[in-house]
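Colleague: Sharing a structure, written as C-alpha cells. Questions coming.
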Amino acid sequence: GENVEQHPSTLSVQEGDSAVIKCTYSDSASNYFPWYKQELGKRPQLIIDIRSNVGEKKDQRIAVTLNKTAKHFSLHITETQPEDSAVYFCAASPSLGGSYIPTFGRGTSLIVHP
Amino acid sequence: ETGVTQTPRHLVMGMTNKKSLKCEQHLGHNAMYWYKQSAKKPLELMFVYSLEERVENNSVPSRFSPECPNSSHLFLHLHTLQPEDSALYLCASSQEGVNTEAFFGQGTRLTVV
C-alpha cells in the first residue's frame, strides 16, 4: 500500500516568515495530493490540493509543488500569520480498484510566533 | 459545517460497555471512512466503505465493528474496548470514482476507563 512520510513534525517560525512542509510517497500510481489543516479542537479541512498532471499550484499565500519523478510534494506558506498555527497533513491517493483512499502523513505542527 | 455530522461528540465508556458512534453525511457522497486520531498515529485509517460495501479493513481489532446501512450513514460499534483505544474518531466521506478531497466530521472524543 501507499506510505507517506512527512517532515518536519514540528515547525516554529516568526510571523512574516515562510514555512515549508515536505512529504514523500511510495506508490507511483498516486495521482492526487491534498493538504489539510487541522486547528486545535477542529476537524481537518482541505486547504489546497494538486493533481499529478500539474507541477505547482498557488492560492494566495499558500502553494504546493509536486515532483512526480522523485515522488515528493511540498507545502509553502509565505508571510505566515498567527492564525496559520495548526497541524498540517499531507495525503496521497492512489487508485485501489476504482476507490481513491487517502493515506495521510503524520502531520506537522506549525507554530507561528507573533 | 462540512455536511458530515458525528454523534456523540464526547463519549466515556467502561471496558465492558457496548456503544456506537454515528456518522451522517448530507453531501451525496458514496464513500465513507473511519479514522482514528491519537498522539501516536495522527490519522490512522480504520475502515472504508464504498457504495455501501467495505473495501478496506486496516487490521483493526474485532472489538471495532463498522456498519454502513446506506450511503449516508456509517456506524462504528464498540465493545470490550481497552484504555489504549481512547482517541478521537473521525468520520469522512468522499465521492467514489472521482479523486477528490475527503470531508471530515467533527469527530467523537472517546475515553475508555
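The values are calculated or read from the model by the stated rules, or taken from the named source; none is laboratory data. Because the structure is a prediction, the values reported are computed rather than measured. Counting neighbours? That spans all protein chains shown, and the Cβs are built from the backbone with ideal geometry, glycine included. Note: accessible area is taken over every heavy atom of the protein model, side chains too, but ligands, DNA and RNA are not part of it. Shrake-Rupley method; radii C 1.70, N 1.55, O 1.52, S 1.80 Å.
Colleague: In the set B:ARG54, B:ARG109, which member is of a type in the set (Lys, Arg) and touching a residue at least 40 places away in the same chain (Cβ under 8 Å)? If you could, list the steps in order and put the result at the bottom.
Modeller: Values: B:ARG54 fails: touching a residue at least 40 places away in the same chain (Cβ under 8 Å).
Of B:ARG54, B:ARG109, the one residue that is of a type in the set (Lys, Arg) and touching a residue at least 40 places away in the same chain (Cβ under 8 Å) is B:ARG109.
Colleague: Would you tally the residues in segment B:45-59 being open to solvent by 30 Å² or more (accessible area, probe 1.4 Å) and within 13 Å of B:TRP34 (Cβ to Cβ)?
Modeller: Step one: list which residues in segment B:45-59 are open to solvent by 30 Å² or more (accessible area, probe 1.4 Å), which gives B:51-59.
Filter again for within 13 Å of B:TRP34 (Cβ to Cβ), leaving B:54-58.
Counting residues in segment B:45-59 that are open to solvent by 30 Å² or more (accessible area, probe 1.4 Å) and within 13 Å of B:TRP34 (Cβ to Cβ) gives 5.
Colleague: Another one. Inside segment A:50-93, can you point out the residues that are within 20 Å of B:PHE104 (Cβ to Cβ) and outside any strand (DSSP E or B)?
Modeller: Hits for segment A:50-93 are A:GLU83, A:ASP84, A:SER85, A:SER93.
Colleague: Please give the number of the condition A:PRO114 fails out of (1) modelled with pLDDT of 95 or more; (2) away from every other protein chain (no Cβ under 14 Å).
Modeller: Here A:PRO114 meets the rest and fails (1).
Colleague: Here's another thing I want to ask about it. Starting from residues that are in contact with a Gly (Cβ under 8 Å, 6 or more places away or on another chain) and at pLDDT 90 or above, keep the ones in segment B:17-42 and report whichever is most open to solvent (accessible area, probe 1.4 Å).
Modeller: B:HIS26
Colleague: Within segment A:30-49, can you find the residues that are in a strand (DSSP E or B) and of a type in the set (Lys, Arg)? Working first, answer last.
Modeller: Filtering segment A:30-49 for residues in a strand (DSSP E or B) gives A:32-38, A:45-49.
Within segment A:30-49, just A:LYS37 meets the criteria.
Colleague: OK, next. Only one of these conditions is not met by A:LYS42: (1) touching a residue at least 12 places away in the same chain (Cβ under 8 Å); (2) open to solvent by 80 Å² or more (accessible area, probe 1.4 Å). Which number is it?
Modeller: Result: A:LYS42 passes all but (1).
Colleague: Still on this structure, please answer the following. What pairs come out if I take residues in segment A:72-99 that are at pLDDT 90 or above and pair them with residues that are of a type in the set (Ser, Thr, Tyr) and part of a loop (DSSP other than H, G, I, E, B) whose C-beta lies under 8 Å away, six or more apart or interchain?
Modeller: A:HIS76/A:SER18; A:ILE77/A:SER18; A:THR78/A:SER18; A:GLU79/A:SER18; A:THR80/A:SER18; A:ALA92/A:SER30
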